[in-house]
Amino acid sequence: MNWTLAQRAEKMNPSVIREILKVTELPGIISFAGGLPSPQTFPIDAMREASERVLSQDGKAALQYAASEGYAPLREWVAQDLLKQGMNVSPDQVLITTGSQQGLDLVAKILIDAGSRILVETPTYLGALQAFTPMEPTVVSVDSDEHGVDAADLRAKVGTGADKARFVYLLPNFQNPTGRTMTEERRAAVAQLAIENGLPIIEDNPYGDLWFDAPPAPSLSSRHPEGSVYLGSFSKILAPGLRLGYLVAPKALYPKLLQAKQAADLHTPSFNQRVVAEVIKDGFIDRHVPTIRALYKQQCEAMLAALDREMAGLGLTWNRPAGGMFLWVQLPAGLKAIPLLDKAVKKGVAFVPGSAFYATHEEGGANESTLRLSFVTATVDQINTGMAALAAAIRESL
Ligand SMILES: Cc1ncc(COP(=O)(O)O)c(C=O)c1O
């Protein structure tokens, strides 16, 4: 059979990360590659007890079709929780999604036409590029530094008239892939220019609760509420297998997102929503998340110490994230991450080449001498062994 594919299907690419994860799943490989939360943090007992309560008290409703907007007590919890981000939203603005990845897909469907310009920071979350690309946008990379997106370059790229960007997609906290966080000043400048230019912001914040010493500054959405869609997730604070996330949209946009959600999957699984609402109803998150922060901080410090020790004199630089799951490494000039990965895997360690996270694959567009390291999936012992192996692979490549 000769299938004639839609143009949008032609534009879809296998995720580079998924391909790489196959290698990292080989036995004996220490992986700094995946974006997998530490399974040690999954609240299995609390989930088991809550599942039993939901099934015995509310089993029929939990297994029935349900409202597309989501389970009301969960929407109320989300609206309440967002007060800590400086956001004052009504539960009616909360749409429960099947992971925040679905939020990206819904946003793409309702805001992007073929040829629309959309703006992303550099580098950016690969999964967002995958969600946006099938809608055939022109993706414009905006310069970014260790404090996030560059406000002046963003202003220069907004555009006007038919050419005006449909939105800018931003990850202000412990960004994937770099682990960077936007400063208060940068947030204020970006929100100000978005308001002045009528530029919508899609704010993706799955890592914001995973701070080590102090919470990040209030969200961009709190500063530009009528012009922002905020995406949140339970994946990194409970468990990703639940596929539970949410978006918050202004009232003017919400009905279209809801229609897109109905078309996509009618609603997010009722059972999962009710179990999570049951788990979190009495302050569980406030007790549980600090344990994740403490673990990830310890693992991040172990990785930074291992980098300091093993990479001394090799000409690499890296950042010191204030939370989240990732850090970002710049290799010495001329050393490319993809060939290095081959050598590293032979020595038993894997990472993700940074070029995967750039919107442009034009010559010179992606920084090929970067890599993303996750510090949360490997144990401290594995971090030490893996970093020594990575240093050996680098030494061999210089
Ligand atoms: C920046 C970012 N956004 C969205 C997601 C999707 O998360 P989920 O669909 O599990 O909520 C991820 C997952 O790693 C992510 O890193």
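Relative to the compact-globule estimate of 2.2 N^0.38 Å, the Cα radius of gyration of the range 242-332 comes out at 1.68.
If each residue of separation counts as 0.36 nm, what is the full-extension length gain between MET12 and ALA61 once their alpha-carbon separation is subtracted?
13.9 nm
Each part gets one Cα centre, and for the range 263-307 versus the range 348-398 those centres are 26 Å apart. Among the trypsin sites (Lys or Arg not before Pro) in the range 183-273, those placed in a DSSP loop whose Cβ has at most 12 other Cβ atoms within 10 Å are LYS251. The lysines within cross-link reach of LYS346, meaning a Cα-to-Cα straight distance under 18 Å and a gap of 8 or more places when in the same chain, are LYS22, LYS336. Only protein heavy atoms count here; under a 1.4 Å probe, ARG287 has an accessible surface of about 150 Å². Looking at ALA294, GLY323, ALA306, which one has the Cα that reaches farthest to the positive end of the dipole of the range 279-398 (charges on Cβ: Lys, Arg +1; Asp, Glu -1)? Towards the positive end, the residue furthest out is ALA294.
Just the accessible area per residue of the range 45-284, please: how many Å² with a 1.4 Å probe? Write out the running numbers ahead of the final one.
On the way: 9320 Å² over 240 residues.
I get 39 Å² per residue for this part.
Once the chymotrypsin sites (Phe, Trp or Tyr not before Pro) in DSSP loops with at most 12 neighbouring Cβ atoms within 10 Å are cut out of the chain, the longest remaining piece is 66-398. Close amide H pairs (under 5 Å, H built 1.01 Å from N) link VAL142 with VAL120, GLU121, THR122, residues at least 5 positions away or on another chain.
What is the dipole size for the range 45-284, taken about its Cα centre, with +1 at each Lys and Arg Cβ and -1 at each Asp and Glu Cβ, in debye to the nearest 20?
Taking the Cα centre of the range 45-284 as origin, the dipole is about 520 debye.
Hand me the GluC sites (Glu not before Pro) from the range 307-394 located in a DSSP loop with no more than 12 other Cβ atoms within 10 Å, in residue order please.
Values: sites: GLU310, GLU362, GLU363, GLU368; in loops: GLU362, GLU363, GLU368.
Hits after loop and neighbour filter: GLU362, GLU363.
Of all the options GLY148, GLY283, GLY365, the one that moves most in a Gaussian network model of the chain with Cα springs shorter than 10 angstrom is GLY283.
If only the Cβ of Lys and Arg carry +1 and only the Cβ of Asp and Glu carry -1, the dipole of the range 346-398 around its Cα centre is close to 240 debye.
Shape summary of the range 269-398, radius of gyration then Dmax from alpha carbon positions: 18.1, 55 Å.
May I ask for the equivalent-ellipsoid semi-axes of the range 92-160, computed as the square root of five times each C-alpha gyration tensor eigenvalue and listed largest first in whole Å? Each step should come with its number before you reach the end.
Details: eigenvalues 99, 47, 28 Å².
For the range 92-160, the ellipsoid semi-axes come out as 22, 15, 12 Å.
Computed over the range 45-284, the P(r) curve from all C-alpha pair distances, binned at 5 Å from the origin, holds 1, 7, 14, 19, 20, 16, 11, 7, 3, 2, 1, 0 percent per bin. Judged by the gyration tensor of its Cα atoms, with axes a ≥ b ≥ c, the range 196-348 is prolate; a/c meets the 1.5 cut and a/b is the larger of a/b and b/c. Note on LYS251: lysines with a C-alpha under 23 Å away, same-chain residues under 8 apart excluded, are LYS84, LYS109, LYS164, LYS261.
Within the shell of other residues whose beta carbon sits under 11 angstrom from the beta carbon of GLU203, the net charge comes to +1, with Lys and Arg scored +1 and Asp and Glu -1.
The values are calculated or read from the model by the stated rules, or taken from the named source; none is laboratory data. Nothing here was measured: the structure is a model prediction, and the numbers come from that model. Please note: Cβ atoms are built from the backbone with ideal geometry, for glycine as well, and neighbour counts cover all protein chains shown. What goes into the accessible areas is simple: the full protein's heavy atoms, side chains included, and nothing from ligands, DNA or RNA. Shrake-Rupley method; radii C 1.70, N 1.55, O 1.52, S 1.80 Å.
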